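Reading through the structure tokens given below for one structure.
The values are calculated or read from the model by the stated rules, or taken from the named source; none is laboratory data. On a predicted model such as this, the values are computed, not experimentally measured, just so you know. Don't worry about glycine lacking a Cβ; one is built from the backbone with ideal geometry, like all the others, and counts go over all protein chains shown. Ligands, DNA and RNA are excluded from the accessible area calculation, which covers all protein heavy atoms including side chains. Shrake-Rupley method; radii C 1.70, N 1.55, O 1.52, S 1.80 Å.
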Amino acid sequence: MMSMTLEEAKSRVKELREQIEYHNRRYYLEDQPEITDAEWDSLMRELLQLEAAYPELADPTSPTQRVGAPVAEGFTKVEHAIPMLSLANAYSTGDLIEFDRRVRQVVGEAVRYVCELKIDGLAVSLRYENGILVQGATRGDGEIGEDITANIRTIRNVPLQLNEPVSIEVRGEAYMPKREFARLNELREAQGEPLFANPRNAAASLRQLDPAVAASRRLGVIVYQLAQPGEHAVGTHSEALAYAARLGLPAHGERRLCHNIEEVVAYIEEWANRRHDLPYATDGMVIKVDDLALQDELGFTAKSPRWAIAYKYAAEQAETTLRSIELTVGRTGVVTPTAVFYPVPLAGTTVARASLHNEDLIHEKDIRVGDVIVVQKAGDIIPEVIRAIPERRTQELPFQMPTTCPQCGSPLQKLNGEVAWRCMNPECPALIREGLIHFASRDAMNIEGLGEQWIAILLDRGMVRTYADLYRLKKADLLQLERMGDKLADKLLRAISDSKRNSLERLLFGLGIRHVGEKAAKTLAQHFGTMDALMVADIDALLQVSDVGPKMAESIRLYFASPSVRLLIGELKELGLNMDYLGARAVSDGPFAGKTVVLTGVLAEADRKQAAAWVEQLGGKVSSSVSVKTDILIAGEKAGSKLAKAQEILATHANASLQILDETAFLKIVDEAGLRR
Ligand code: IVH
């Protein structure tokens with residue numbers, strides 16, 4: 001590199017800056033990174049080295065001068081009163097000892113450190129005025145972020161009101177719980193949408209313009225810092241977090257006060273494996289000087305505080321042998337190759353399979369059956385094949401994608417521009433099976449007990465083929481099946497029969513119309529009200545619906561134009577399935593009609609989303625905070641401040657109409673309205 005001419009260096013610097021900016025956009029703005037963090041780091045490192053070697057090429061707009069992401073179009077900008085910096089990294093015990101030496105050189109001998117697990121998500125800032133949440137923002141470039149208040153308000157563990165009327169700004173990490181990440185990706189896979197590579201990218205859903213989408217992704221926040229601790233009468237970082245917790249904020253709990261760097265190293269070691277059991281993804285440990293006065297004394301470099309450092313755990317990798325490449329056909333006909341290898345322990349679990357995504361990727365990485373391969377968990381969750389080790393290869397042959405469907409033998413095709421091969425045969429048994437599984441699933445028709453296994457058995461026995469067949473099942477048929485008893489058969493038939501009463505959006509989503517996800521199904525059901533109205537809608541009428549674009553409109557029109565679909569809908573109608581949107585009707589005449597309802601505490605029988613849906617179906621409006629305007633408070637187990645507030649209102653307002661219902665009373669109303677199955 002040093003032997004470059006200035007001209008060569010200039011052109012390479014330009015190229016690197018463009019590449020890095022491009023990948024930043026893919027990562028931060030589009031949530032679709034194309035390169036690994038390590039590859040990005042290596043581009044950045046080369047650029048940093050060149051800029052150091054050729055100072056004349058310095059440029060204030062170079063990506064080396066940024067901390068985070070540029071501001072996306074569409075969000076209002078927020079100037080951070082206190083910049084949101086990032087942390088310097090440590091990769092070894094040596095780096096930590098060096099950090100400790102630098103700290104002690106400035107502040108003297110005894111330094112106490114707080115260690116906190118480093119959460120792998122998206123940095124956010126929350127601002128409260130007089131105890132009320134007034135603003136949520138992303139980090140952006142550190143100086144200027146984006147106003148994501150509407151999205152932040154959808155995060156369940158972010159209090160909209162603090163326990164005390166203080167004005168305070170806190171910083172933390174928005175994250176997607178691992179379990180939620182898995183659920184979301186399953187859903188995206190079923191709908192043929194691109195998967196999120198890791199929970200961090202999924203947490204970037206906060207940068208979705210539509211708060212409803214952000215809300216459906218169930219994020220959480222963990223607060224790790226007060227922006228201006230000096231204003232809040234706290235002397236240490238530990239006290240600052242304890243204060244945040246007292247205010248009702250979700251303060252970071254996985255932390256320890258260490259008296260020297262040896263204790264820090266031991267704590268890091270302690271969590272090296274255990275961290276995989278946490279409900280959120282972590283990628284390291286943040287070490288902070290506890291004493292705030294010492295933090296001030298240490299100060300900042302241009303980009304990061306001198307009083308803290310982030311230790312990064314090395315991504316765990318393992319070697320194994322690829323036994324086969326399995327091809328599965330999904331609901332949309334897409335054929336996905338999966339690597340099946342000898343089981344290896346990795347980041348807390350044993351893994352034996354990893355998606356290879358598509359044919360192109362297998363060829364790019366030249367992965368062959370029989371190869372020794374290196375596997376890793378992306379974001380510590382999803383196993384992936386990093387590479388093959390060709391040096392250890394004997395006679396392995398390159399992978400060859402079959403030209404016909406592994407399930408039905410019909411020729412595979414690629415739709416315009418797609419990398420995926422598809423089976424286009426609507427009669428393919430794989431498409432039928434996956435379609436039925438989706439139809440019965442929780443977010444679609446919600447037929448409890450009718451899972452993958454029973455569907456496979458019913459198909460195998462020739463008892464069902466279409467969705468309509470499910471509603472024709474008789475008890476005598478079911479009782480012929482192995483492991484199907486009297487009780488189970490009754491239960492299954494009841495669940496199937498109950499699903500007939502579902503509101504239209506569940507049926508629409510369950511039918512699996514291409515490009516129509518759960519949210520679009522709801523919008524369509526609300527807009528058209530009945531299946532008949534939707535079926536006759538032309539492209540123009542469909543395009544009137546918010547969120548429906550030309551692609552979805554065309555797909556819906558094509559779907560309902562098909563004679564076999566019309567036949568199916570006719571059959572379902574005849575079998576007694578509801579074809580109307582029910583949400584709107586309930587509002588005017590339900591037992592909660594016109595009432596403002598607040599939910600608090602934990603319900604044993606239903607999650608929050610389900611309870612809120614019931615309230616809406618009963619005619620009520622769900623609100624998140626208790627005030628004199630609240631009509632009903634539904635208080636589950638462990639109800640806290642909201643229940644106390646409601647009791648206070650009842651005690652102080654003689655004519656308050658507020659009613660407090662416990663879970664039993666609420667479920668009684670739900671059952672009387674026939675909502676629960
Ligand atoms: S303290 C001055 N604590 O890691 C910055 N950061 O580059 C103080 N992070 O931008 C940050 N967990 O988004 C801190 N317990 C934790 C953290 C944490 C995750 C993120 C944060 C920051 C990045 C460091």
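How much length is gained on full extension from Ala314 to Ala266, taking 0.36 nm per residue of separation minus their Cα-Cα distance?
Working it through step by step, the gained length comes to 15.7 nm.
Which whole-number value in Å² is the accessible area per residue of the chain, probe 1.4 Å?
Details: 33100 Å² over 677 residues.
That works out to 49 Å² for each residue.
Per-residue accessible area for Arg274 at 1.4 Å probe radius, Å² rounded to 10?
Here the residue's solvent-accessible area equals roughly 110 Å².
Would you work out what percent of the accessible area of segment 306-361, with all protein chains in place, is carbon or sulfur (probe 1.4 Å)?
On the way: 1160 of 2360 Å².
Ligands and nucleic acids excluded, carbon and sulfur reach 49 percent.
Could you work out how much longer the chain between Glu15 and Gln105 gets when fully extended? Use 0.36 nm per residue separation minus the Cα distance between them, nm to one decimal.
Length difference between fully extended and current span is 28.4 nm.
Please report, in debye to the nearest 20, how large the charge dipole of segment 523-677 is about its Cα centre when each Lys and Arg carries +1 at its beta carbon and each Asp and Glu carries -1 there.
My answer is approximately 360 debye.
Order the following by accessible area, largest value first: His276, His527, His252. Probe radius 1.4 Å; ligands, DNA and RNA are ignored. Let's see the in-between values first.
On the way: His276 25, His527 95, His252 5 Å².
Largest accessible area first, the list is His527, His276, His252.
Can you give me the C-alpha center-to-center distance between segment 271-305 and segment 615-631, rounded to a whole angstrom?
Using only Cα atoms to place each centre, the spacing works out to 40 Å.
Using θ = phi - 60° and the Karplus form 6.51 cos²θ - 1.76 cosθ + 1.60, what ³J(HN,Hα) does each residue of segment 176-181 get, whole Hz, x for Gly and Pro?
10, x, 4, 5, 5, 4
For segment 493-573, with the dipole built from +1 on Lys and Arg beta-carbon atoms and -1 on Asp and Glu ones, taken about the Cα centre, which of Ser499, Phe560, Leu572 lies farthest toward the positive end?
The residue sitting most towards the positive pole is Ser499.
Considering Cα pairs under 8 angstrom that are at least six residues apart, work out the relative contact order of segment 441-589 and quote it in whole percent.
Averaging sequence separation for qualifying contacts and normalising by length gives 27 percent for segment 441-589.
Starting from the Cα-Cα distance between Gln228 and Asp210, subtract it from 0.36 nm times their residue separation and give me the gain in nm to one decimal.
Answer, rounded to one decimal: 3.4 nm.
Quick query: amide H of Ala378 versus all other amide H atoms, modeled in the peptide plane; which residues come in under 5 Å with a sequence gap of 5 or more or a different chain?
Glu384
With θ set to phi - 60° and the Karplus curve 6.51 cos²θ - 1.76 cosθ + 1.60, what are the ³J(HN,Hα) couplings of segment 51-58 in order, to the nearest whole Hz, using x for Gly and Pro?
Result, ordered by residue: 5, 6, 6, 10, x, 5, 8, 4 Hz.
Please find the FRET efficiency linking Ser555 to Ala456, where r is the Cβ-Cβ separation and R0 is fixed at 30 Å, and quote it to the nearest 0.05.
Approximately 0.60, to the nearest 0.05.
Counting only protein heavy atoms and using a 1.4 Å probe, what share of the accessible area of segment 139-240 belongs to carbon plus sulfur, as a whole percent?
Taking all protein chains in place, segment 139-240 shows 50 percent carbon and sulfur surface.
Can you pull the one-decimal nm distance between simple spin-label points at Leu361 and Glu427, each 7 Å off the Cα toward Cβ?
3.3
Nothing charged except the Cβ atoms of Lys and Arg (+1) and of Asp and Glu (-1): what's the magnitude of the dipole of segment 65-209 about its Cα centre? Round to the nearest 20 debye.
240
Would you work out the charge dipole size for the chain about its Cα centre, treating the Cβ of every Lys and Arg as +1 and the Cβ of every Asp and Glu as -1, and quote it to the nearest 20 debye? Write out the running numbers ahead of the final one.
Details: 80 positive and 95 negative charges, 389 e Å.
My answer is approximately 1880 debye.
Within segment 538-610, which trypsin sites (Lys or Arg not before Pro) sit in a loop by DSSP and count at most 12 neighbouring Cβ atoms inside 10 Å?
Listed in order of number, the matching sites amount to none.
Asn273 versus Lys475, label points 7 Å from Cα toward the beta carbon: distance in nm?
For Asn273 paired with Lys475, the spin-label model returns 5.3 nm.
For segment 96-112, take each phi angle, set θ = phi - 60°, evaluate the Karplus expression 6.51 cos²θ - 1.76 cosθ + 1.60, and give the result in whole Hz per residue in order, putting x for glycine and proline.
My calculation for segment 96-112 gives 5, 5, 5, 4, 4, 5, 4, 5, 6, 4, 7, 10, x, 7, 7, 10, 9 Hz in order.
Can you send over the solvent-accessible area of Val221, 1.4 Å probe, protein chains only, in Å² to the nearest 10?
Accessible area, nearest 10 Å²: 0 Å².
Pairs Lys365/Lys551; Lys522/Lys642; Lys118/Lys178; Lys522/Lys551; Lys77/Lys118: which exceed 22 Å Cα-Cα?
Lys365/Lys551; Lys522/Lys642; Lys77/Lys118
Go through the chain and flag any cysteine with no other cysteine's C-beta closer than 4.7 Å, please.
Cys115, Cys258, each lacking another Cys Cβ under 4.7 Å.
Can you sort Lys10, Lys77, Lys642 by solvent-accessible area, 1.4 Å probe, largest first?
Lys77, Lys10, Lys642
Post the alpha-carbon centroid distance, segment 206-220 to segment 316-349, in whole angstrom.
Distance between centres, Cα-based: 30 Å.
If you roll a 1.4 Å probe over segment 487-627 with all protein chains in place, what percent of the accessible area is carbon or sulfur? Let's see the in-between values first.
On the way: 3580 of 6810 Å².
Accessible surface attributable to carbon and sulfur in segment 487-627 totals 53 percent.
Cα centroid distance between segment 369-396 and segment 129-195, in Å?
Here the two parts' Cα centres lie 35 Å apart.
Suppose each label sits 7 Å from its Cα in the direction of the beta carbon; what would the Leu661-Leu397 distance come out to in nanometres?
Result for the modelled spin labels: 6.7 nm.
Can you list the residues, at least 5 places off or on another chain, whose amide H is less than 5 Å from the amide H of Cys258, using H built in the peptide plane?
Here Tyr113, Val114, Cys115 satisfy the definition.
Residues with amide H under 5 Å of Asn89's amide H, sequence separation 5 or more or different chain, H placed in the peptide plane at 1.01 Å from N; which?
Ala310
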